[in-house]
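Each value in this text was obtained by applying a stated rule to the coordinates, not by laboratory testing. None of the values given here were measured: they were computed from a predicted structure. Positions of Cβ are backbone-derived with ideal geometry, glycine not excepted, and every protein chain shown enters the neighbour counts.
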Amino acid sequence: MVHSTLIDLGFHPKEAAIYLTLLPLGQAHVSTLARKVSLSRTTATYHCEQMVKRGIARRYKKDQTYVYVPEAPERISQLLEERANAYLEKRDKANRIINNLHQIINPDFSLPKVRFLNGLQGIQQAYEDTLILKEPIYAFENVEVMAPQVKEYIFNTYIPERIKQKTLAKVITLKITQISYSKKQTVAHTVKLDLLVKKIYHLILK
């Protein structure tokens with residue numbers, strides 16, 4: 001649990017293992033750390049140096065070699081706070097020049113608005129965005145090639161919500177087998193939609 005939490009906080013998995021090894025030891029040569037976390041000496045040295053650069057470990061020279069010492073756990077929180085403050089400063093700087101940037105935009109040119117969405121969460125976000133405008137939806141899709149999780153979300157969550165909002169949709173799709181869906185059991189009545197298709201068709205859902 002602690003190891004995974006450190007990774008969530010930005011530690012490299014190997015650095016998290018080295019840090020957790022250093023804490024009970026107090027200090028250690030890289031050879032000791034490499035042996036305890038099952039890394040080559042070269043790899044262990046690299047990650048120890050990265051930890052020093054990031055401020056979660058220190059080093060000092062002893063007998064012609066370096067000894068690494070972990071920073072106190074409280075240092076992790078301090079580093080996160082420093083990083084957060086740095087981002088806030090950058091955000092404030094960006095806000096201060098937004099008006100200046102708008103003034104030099106070509107008024108005859110419309111800047112594209114592009115977002116990159118990844119994974120199932122990204123697909124869900126794209127579908128949910130279509131409900132915000134409350135305007136007719138025009139789409140092309142092939143249900144048969146969709147991942148099962150996407151189909152489940154569309155037919156059990158998205159379409160019932162779209163119908164609830166009375167948002168019109170016009171969809172072009174390839175010939176598919178009959179599909180039906182229903183709202184969740186908690187809904188008093190069940191709404192089913194059958195897509196009876198030809199080779200290529202327009203579907204209007206009300």
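If R0 is 35 Å, what FRET efficiency do you get for Tyr138 and Arg41 from their C-beta distance, rounded to 0.05? Intermediate results must be reported in sequence, preceding the final value.
Numbers: r = 60 Å, r/R0 = 1.73.
The calculated FRET efficiency here is 0.05.
How much length is gained if the chain between Gln78 and Arg58 is pulled fully straight, taking 0.36 nm per residue apart and subtracting their Cα-Cα distance, in nm to one decimal? Let's see the in-between values first.
Working: separation 20, 0.36 × 20 = 7.20 nm, distance 1.56 nm.
Stretched out fully, the Gln78 to Arg58 stretch lengthens by 5.6 nm.
Using the alpha-carbon centroid of each, what span in Å lies between the range 38-66 and the range 86-155?
What the calculation gives is 42 Å, centre to centre.
Would you calculate the convex hull of the Cα atoms in the range 63-161 and tell me its volume per residue in Å³?
Values: hull volume 30.9 nm³, N = 99.
With only Cα atoms used, the range 63-161 gives 312 Å³ per residue.
If I model a spin label as a point 7 Å beyond the Cα along the Cα-Cβ vector, how far apart are those points for Glu152 and Val67 in nm?
The two pseudo-label positions are separated by 5.5 nm.
With labels modelled as points extended 7 Å from the Cα through the Cβ direction, what inter-label distance (nm, one decimal) is found for Lys164 paired with Gln27?
Simple spin-label model gives 6.2 nm for this pair.
Using r as the Cβ-Cβ distance of Leu120 and Leu20, and R0 as 22 Å, what FRET efficiency do you calculate, to the nearest 0.05? Each step should come with its number before you reach the end.
Working: r = 32 Å, r/R0 = 1.47.
Taking R0 as 22 Å, the efficiency between Leu120 and Leu20 is 0.10.
Rounded, prolate or oblate: which one fits the range 2-145, using the alpha carbon gyration tensor with axes a ≥ b ≥ c (rounded when a/c is under 1.5, else prolate when a/b beats b/c, else oblate)?
On the way: a/c = 3.41, a/b = 1.99, b/c = 1.71.
The shape class here is prolate.
Determine the alpha carbon to alpha carbon distance for each of Lys14/Lys151; Lys93/Lys134; Lys14/Lys90; Lys90/Lys134; Lys36/Lys62 and list only those over 28 Å. Kindly include the intermediate steps, with their values, before the conclusion.
Details: Lys14/Lys151 38 Å; Lys93/Lys134 35 Å; Lys14/Lys90 30 Å; Lys90/Lys134 35 Å; Lys36/Lys62 20 Å.
Among Lys14/Lys151; Lys93/Lys134; Lys14/Lys90; Lys90/Lys134; Lys36/Lys62, the Cα-Cα distance tops 28 Å for Lys14/Lys151; Lys93/Lys134; Lys14/Lys90; Lys90/Lys134.
Extent of the range 2-71 along each principal axis, from alpha carbon coordinates, in Å, largest to smallest?
So the extents along the principal axes, rounded to whole Å, are 36, 23, 21.
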